[in-house]
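Q: After the structure tokens below, expect a handful of questions from me.
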Ligand SMILES: [Zn+2]
């Protein structure tokens, strides 16, 4: 695979609302909380930051906090070393108990949502929202059998609480930021994902999904910290459009699903 490197560092306008005459802050393409190191300086106004940062809280702080702790990812607000992680269990003697665990003792379980292709790439009727096709569960901490033995556990349950398409919106936001880091803001003829990122529309399933059959493989990629991003162009049959697509995968050395985002169409005047 060819690698692509970041070309655009200082943007000088809000990449979401295109305002220039306002205070602009630095945007992390992959969130800082996932060890992302690609940044776009002067690229986000305060209004848009308030909207776009909201989509990251649910996946990162509610569903992936234990994973981030196990993998020693950074956190601005939390100190995982001192945190007590709670787990409700039923013990072998039948008693219910809430375990209070240190970072080194946790299972670090989380669930990853799996989807079909973004519906813009299928012949299905477009729909609002997104359909979850499956869920895969991964543990990033201590061994499950040893954990059960050590704490005399009969049963416990875990279910991630993904809500309001925040996770899918975060995928779209990362993909959009990555396109701009590599090709700048001029590369778009049309950007599909922007209204979803700004929470103005409820059609994220058109642009975000998975591609388990690997029909759409961008040719250029980059590993940024512990995450993988790939960017490319896809030309659907019977269309003169060139779609800008990004594949992304978190936690690079694991079997977690890879996500696909159709970010927009390529401006034909644009030279990569
Ligand atoms: Zn803005």
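Every number here is computed from the coordinates shown, using simple stated rules; none is lab data. Because the structure is predicted, anything quoted here is derived from the model rather than measured. Cβ atoms come from the backbone with ideal geometry, glycine included; neighbour counts cover every protein chain shown.
Q: Compute the long axis of helix 166-183 from its Cα atoms, compare it with the longest principal axis of the Cα atoms of the chain, and write down the angle in degrees, 0 to 90, nearest 10.
A: Between helix and principal axis, roughly 40 degrees.
Q: Any idea what the relative contact order of segment 111-199 is, in percent, if you count C-alpha pairs under 8 Å spaced at least 6 apart?
A: On the way: 44 pairs, mean separation 21.6, N = 89.
Reported relative contact order: 24 percent.
Q: Considering Cα pairs under 8 angstrom that are at least six residues apart, work out the relative contact order of segment 185-243 and quote it in whole percent.
A: Numbers: 37 pairs, mean separation 10.0, N = 59.
Reported as a whole number, the value is 17 percent.
Q: Here's a follow-up. How big is segment 169-217 along each principal axis, measuring the range of its Cα positions in Å and listing the largest first?
A: Cα extents, longest axis first: 31, 26, 19 Å.
Q: Along each of the three principal axes of the Cα atoms of segment 66-147, give the extent in whole Å, ordering the values from largest to smallest.
A: Over segment 66-147, Cα extents along the principal axes are 52, 38, 21 Å.
Q: Something else about it: What percentages make up the Cα-Cα pair-distance distribution of segment 107-188 when the bins are 5 Å wide from 0?
A: Cα pair-distance distribution for segment 107-188, in percent: 3, 10, 15, 16, 15, 13, 10, 7, 5, 4, 2, 0.
Q: Sort 166-176, 150-160, 55-65 for me by packing, meaning the mean count of neighbouring Cβ atoms within 10 Å per residue, highest on top. Before the final figure, lay out the partial values.
A: On the way: 166-176: 25.3, 150-160: 13.1, 55-65: 19.5.
So the peptides 166-176, 150-160, 55-65, ranked by packing, come out 166-176, 55-65, 150-160.
Q: OK, next. Plugging the Kirkwood radius over Cα pairs into Stokes-Einstein for segment 189-272, at a temperature of 20 °C and a viscosity of 1.002 mPa s, what D comes out in µm²/s? Walk me through the intermediate numbers first.
A: Values: Rh = 13.8 Å.
In µm²/s, the coefficient rounds to 155.
Q: Over segment 55-198, what lengths in whole Å, largest first, do the semi-axes of the equivalent ellipsoid take, defined as the square roots of 5 times the eigenvalues of the alpha-carbon gyration tensor?
A: On the way: eigenvalues 273, 73, 26 Å².
Working from the Cα gyration tensor, I get semi-axes of 37, 19, 12 Å.
Q: Compute the separation of the alpha-carbon centres of segment 102-118 and segment 169-186 and state it in Å as a whole number.
A: 24 Å
Q: Another question, then. Rounded to the nearest 0.05, what FRET efficiency is calculated for residue 151 and residue 214 with R0 set to 45 Å and r the Cβ-Cβ distance? Numbers along the way, then the final one.
A: Working: r = 40 Å, r/R0 = 0.90.
Between residue 151 and residue 214 the formula returns 0.65.
Q: Show me 23-33, 88-98, 257-267, 181-191 ranked by packing, highest mean number of other Cβ atoms within 10 Å first.
A: Values: 23-33: 19.4, 88-98: 11.5, 257-267: 22.0, 181-191: 17.8.
Descending packing order for the listed peptides: 257-267, 23-33, 181-191, 88-98.
Q: Considering the Cα positions of segment 1-125, please state its Rg to one decimal place and its Dmax as a whole number of Å.
A: For segment 1-125, the Cα-based Rg and Dmax read 19.9, 65 Å.
Q: If you line up the long axis of helix 46-57 against the longest principal axis of the chain, both from Cα atoms, how many degrees apart are they, to the nearest 10?
A: Helix 46-57 and the main axis of the chain meet at about 40 degrees.
Q: Starting with the highest mean, order 71-78, 209-216 by the number of other Cβ atoms within 10 Å, averaged over the residues of each peptide.
A: Ranked from most to least packed, the peptides come out as 209-216, 71-78.
Q: I need to check one value: relative contact order of the chain, counting alpha carbon pairs closer than 8 Å and at least 6 residues apart, in percent. The partial results should precede the final answer.
A: Working: 550 pairs, mean separation 55.2, N = 272.
The normalised contact order for the chain reaches 20 percent.
Q: Only helical DSSP H runs with n ≥ 4 go in: add -39500 (n - 2.57) per run for the chain, normalise by residue count and round the 222 nm mean residue ellipticity to 500 deg cm²/dmol.
A: Calculated from helices alone, the mean residue ellipticity at 222 nm is -5000 deg cm²/dmol.
Q: In the chain, what percentage of the DSSP-assigned beta bridges are antiparallel, given to the nearest 5? Numbers along the way, then the final one.
A: Details: 44 of 47 bridges.
Expressed as a percentage, antiparallel bridges in the chain total about 95.
Q: What's the percent breakdown of Cα-Cα distances in the chain across 5 Å bins, shortest bin first?
A: The percentages, shortest bin first, are 1, 5, 12, 16, 18, 15, 12, 8, 5, 4, 2, 1, 0, 0, 0.
Q: Let me ask something else about it. Which percent of Cα pairs goes in each bin when the distances of segment 117-272 are cut into 5 angstrom slices starting at zero?
A: All Cα pairs, binned at 5 Å, distribute as 2, 8, 16, 20, 18, 13, 8, 5, 4, 3, 2, 1, 0, 0 percent.
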